[in-house]
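A.B. asks: What follows is a structure written as C-alpha cells; I'll ask about it next.
The values are calculated or read from the model by the stated rules, or taken from the named source; none is laboratory data. Keep in mind the model is a prediction, meaning the values are calculated, not measured. Note that each Cβ is placed from the backbone with ideal geometry, even for glycine, and that neighbours are counted across all protein chains shown. To get the accessible areas, we keep the full protein, side chains included, count just its heavy atoms, and leave off ligands, DNA and RNA. Shrake-Rupley method; radii C 1.70, N 1.55, O 1.52, S 1.80 Å.
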Amino acid sequence: GADSKTVRDKHKKFLFPCVANYYEEPVVLVEGKGSIAKDADGREYLDFFGGILTLGLGHCHPEVVRAIQQQAERLIHICYTDFHYPAYIELCETLAQLAPMSGKKRVFLTNSGAEAVETSIKLARIRTGRQKIVSFYGAFHGRTLGTLTLTASKPVQRLGCGPLLPEVYHTHFSYCYRCPVNRKPDSCDVQCLDLLAVWMFHHTVPPQAG
C-alpha cells in the first residue's frame, strides 16, 4: 500500500545500508496484539517471527506493558558499571535460580545475542587459556567482528569485512537430515564427528593447544 511504500522509501534514503532487510518489499508493521501484527495499510498478519523469538508472550501483553510503564516512571536508564540498581540485581538473582544447572551460578546481562557471543569468546579464552575456537558451517552467531568470524551461514555477510578474528575453524555439524558425509541415521556411527576429531585435530588444529 501507499503508506508502507512511503516508509520503505524513507528507509532507503535515511538508514545506513548495513541495516538490510531479507525481503525486497518488507512488511511495515505499526501495531501488534498477541500473535497478530498490523501493517501501515491496515492489513493483519499472523506473526510467526515473534521478534526473532523474543516475544514469548506475543505483542503488547498487558502485564509486560504495565511493567514497562511502571519502570519508565521510576528510572529509564543507568550505566550499571557506574551505579547499582535493585531491579537489575533481582533479575540476575531470579535467572540464576532458574538456570538448569547445579553449583554456583552468576549472570551477565547483554544488549544482544552478538554481545553475549562476544563475551563467551573472551570468557572461554581467558578461562581455558586456549585460543582456538571451532564453529560450524551453517551457524549464525552475529555480525560483529568476532561473531561474524564464527558465523558461516551466508558468504555475503563476510564480504569486505576481513581480516576476521584469528584462530577460528569451521567444521560440519552432525545434521542427520542432510548428513555432511552421506550416511544414514540407522547405520551411522556419527562419522561426521570424525571431521572434527580425526581430520581437524589430526591435520590443522592440535587439540592440546586448542
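A.B. asks: Given a Förster distance of 22 Å, report the FRET efficiency between Cys161 and Leu15 from their Cβ-Cβ distance, rounded to the nearest 0.05.
C.D. replies: 0.70
A.B. asks: Considering the options Tyr169, Thr151, Asn182, tell which one lies farthest towards the positive end of the dipole of region 125-198, charges being +1 on Lys and Arg and -1 on Asp and Glu at the Cβ, about the Cα centre.
C.D. replies: Farthest towards the positive end: Thr151.
A.B. asks: What's the magnitude of the charge dipole for region 44-112 around its Cα centre, counting Lys and Arg as +1 and Asp and Glu as -1 at the beta-carbon? Answer in Debye, nearest 20.
C.D. replies: Its charge dipole is roughly 360 debye.
A.B. asks: Taking springs between alpha-carbon atoms closer than 10 angstrom, which of Gly103, Gly129, Gly58 fluctuates most in the Gaussian network model of the chain?
C.D. replies: Judging by the Gaussian network model, the answer is Gly103.
A.B. asks: Take every DSSP beta bridge whose two residues both sit in the chain, then give the antiparallel share in percent to the nearest 5.
C.D. replies: The antiparallel fraction comes to roughly 65 percent.
A.B. asks: A follow-up question, please. How much accessible area per residue does the chain have, counting only protein heavy atoms and a probe of 1.4 Å, in square angstrom?
C.D. replies: 78
A.B. asks: Only helical DSSP H runs with n ≥ 4 go in: add -39500 (n - 2.57) per run for the chain, normalise by residue count and round the 222 nm mean residue ellipticity to 500 deg cm²/dmol.
C.D. replies: -9500 deg cm²/dmol
A.B. asks: Please calculate the 1.4 Å probe accessible area of Tyr175, with all protein chains present, and give it to the nearest 10 Å².
C.D. replies: For Tyr175, solvent-accessible area is about 110 Å².
A.B. asks: Right, something else. Normalised by the residues of the chain, what does the relative contact order come to in percent, with Cα pairs under 8 Å and at least six apart?
C.D. replies: That works out to 10 percent.
A.B. asks: Same structure, new question: Assigning unit charges at the beta carbon (Lys, Arg +1; Asp, Glu -1) and nothing else, what dipole magnitude in debye, to the nearest 20, does the chain show about its Cα centre?
C.D. replies: 600
A.B. asks: Can you bin region 1-132 into rounded, prolate or oblate? Criterion: square roots of the alpha carbon gyration tensor eigenvalues sorted a ≥ b ≥ c, rounded for a/c under 1.5, prolate for a/b above b/c, oblate for the rest.
C.D. replies: prolate
A.B. asks: If I build a Gaussian network model for the chain, linking alpha-carbon pairs within less than 10 angstrom, which residue out of Leu195, Leu123, Leu57 has the largest mean-square fluctuation?
C.D. replies: Comparing Leu195, Leu123, Leu57 in a Gaussian network model of the chain, the most mobile one is Leu57.
A.B. asks: Which one, Arg158, Arg125, Arg43, has the greatest fluctuation when you compute a Gaussian network model over the chain with C-alpha springs under 10 angstrom?
C.D. replies: Arg43
A.B. asks: Let me ask something else. Could you give the length gained on full extension between Thr204 and Glu90, defined as 0.36 nm per residue of separation minus the Cα-Cα distance, in nm?
C.D. replies: 36.5 nm
A.B. asks: Report the percentage of all Cα-Cα pairs in region 4-53 whose separation exceeds 16 Å, rounded to a whole percent.
C.D. replies: Of all Cα-Cα pairs in region 4-53, 46 percent lie more than 16 Å apart.
A.B. asks: What's the carbon and sulfur percent of the chain's accessible surface, probe 1.4 angstrom, rounded to a whole number?
C.D. replies: Ligands and nucleic acids excluded, carbon and sulfur give 61 percent.
A.B. asks: Relative contact order for region 15-111 using alpha-carbon pairs under 8 Å, separation at least 6, rounded to a whole percent?
C.D. replies: 14
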